[in-house]
Amino acid sequence: MSDNSIMNIGDLAEPAKVLIEKLADAGYVLYEPKHIIEVAKAKAEAAIIQAEAEIEIDKAKAKTEIEITDLHRRAAQRSIAEQGQQQESIENTIIKAIPELNEEADPKAIENDWIIKFFDKCRLVTDDQVQDLWASILASEANCAGSYSPKTLTTLADMNQKDLILFNTFCSLCVVALEDPHAFLRSPSNFKIRDARVPIIRDSITDLVTLQNSSSHQSREKLYQKSESIYEKYDFGFNEFQLLSEHGLIQDETHNKYPHFWYNNEIYIPINPSANPPFKTEDHQQITISGFRLSSVGRELFHITKRDNPPEYLEHLIDFLQEYYNVCSDIQ
């Protein structure tokens, strides 16, 4: 580490030390933002002095050649300024990632190719909130290497602010089937998603085969309209679903079986409505939920979203499931 390091590495927790050393080995050394600016300014001034000296030496040359040399000088200034800004973005991201490291983090396990790919994408990010997302990804990868694929990094880099807001809204409306609900109850911050979707009902018999009120076209149309109306309240319609689908964040798949669903840190288990508490294992039901689901990339990015989880939405959702799936729910 350089003497100009932003912090005394000895004062950091072990995972943070290891992360900084790992990134330094890959060529990403952490400096103070002030130092970044001073170095960039010094290099820019040196480049200008050198370019001006070359112009003086070449005054005897043709006018067009002098103009080309001056163009090179301006290009050098721009390049130095861009590199300074990119270095600042890189370092801000690293600094923000450090508080999110857990005690079991193993930054040494991060692949160097992944680090190169990561910083190639995040170095162009100047928005503070978007930098927060990239920092969360870096911390998550240090906590558990392999959490984020290179494809996910490319997808996030291609998204603008509007796309991110839409995706955040989608995730706020998702019901989630966990890989292991018991693991979530033991450690809420660490959970894997088996399936996650916005359970909108389309006007399709295939989508409605598991619903109790699907015997006629009139009842199917009622289901479709009620389902659609839930999401209209959050300014989310077909166009918004389509945009996220084009980014590869969601998929329009027909249905999947849910033995439970997770929403806003609570696990809901579908229960036969005729059962009485205390509920037994045989009272549990598995329901088939249709709708747009998160892709593998979407499931990875789900963990870094700042979900709103509107409480009134959950009320509408449970009412919908109770009315059209003929189940009640038990909260774990």
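Report, by chain and number, residues whose modeled amide H sits under 5 Å from the one on Asp330, excluding near sequence neighbours (fewer than 5 apart, same chain).
Long-range HN contacts for Asp330: Ile269, Ile271.
Using θ = phi - 60° and the Karplus form 6.51 cos²θ - 1.76 cosθ + 1.60, what ³J(HN,Hα) does each residue of the stretch 103-108 get, whole Hz, x for Gly and Pro?
5, 8, 4, 10, x, 4
When the Karplus curve 6.51 cos²θ - 1.76 cosθ + 1.60 is applied with θ = phi - 60°, which whole-Hz ³J(HN,Hα) does each residue of the stretch 124-130 get, with x for Gly and Pro?
Listing the rounded values in order: 8, 8, 10, 5, 4, 5, 5 Hz.
By per-residue mean of other Cβ atoms within 10 Å, what is the highest-first order of 109-120, 91-102, 166-177?
Working: 109-120: 16.5, 91-102: 18.9, 166-177: 22.1.
Ranking, from highest mean packing down: 166-177, 91-102, 109-120.
Would you mind counting up the charge near Asp106? Only other residues with Cβ under 14 Å from its Cβ, with Lys and Arg at +1 and Asp and Glu at -1. Intermediate values should be presented prior to the final figure.
Working: positive: Lys17, Lys22, Lys108; negative: Glu14, Glu21, Glu103, Glu104, Glu111, Glu141.
Here the charged neighbours net out to -3.
Would you mind checking Lys108/Lys192; Lys162/Lys192; Lys17/Lys162; Lys117/Lys306 for any pair whose Cα atoms are more than 31 angstrom apart?
Values: Lys108/Lys192 22 Å; Lys162/Lys192 27 Å; Lys17/Lys162 36 Å; Lys117/Lys306 24 Å.
Violating the 31 Å Cα-Cα cut-off are Lys17/Lys162.
In what sequence, highest mean first, do 257-263, 312-318, 82-88 appear when ranked by Cβ atoms within 10 angstrom?
On the way: 257-263: 18.9, 312-318: 14.6, 82-88: 17.1.
Result, highest mean Cβ count within 10 Å first: 257-263, 82-88, 312-318.
None of the figures in this text is laboratory data; all of them are computed from the coordinates on show. Every value quoted in this text rests on a predicted model; they were computed, and no experiment measured them. A quick note on method: Cβ atoms are made from the backbone with ideal geometry, for glycine too, and the neighbour counts reach across all protein chains shown.
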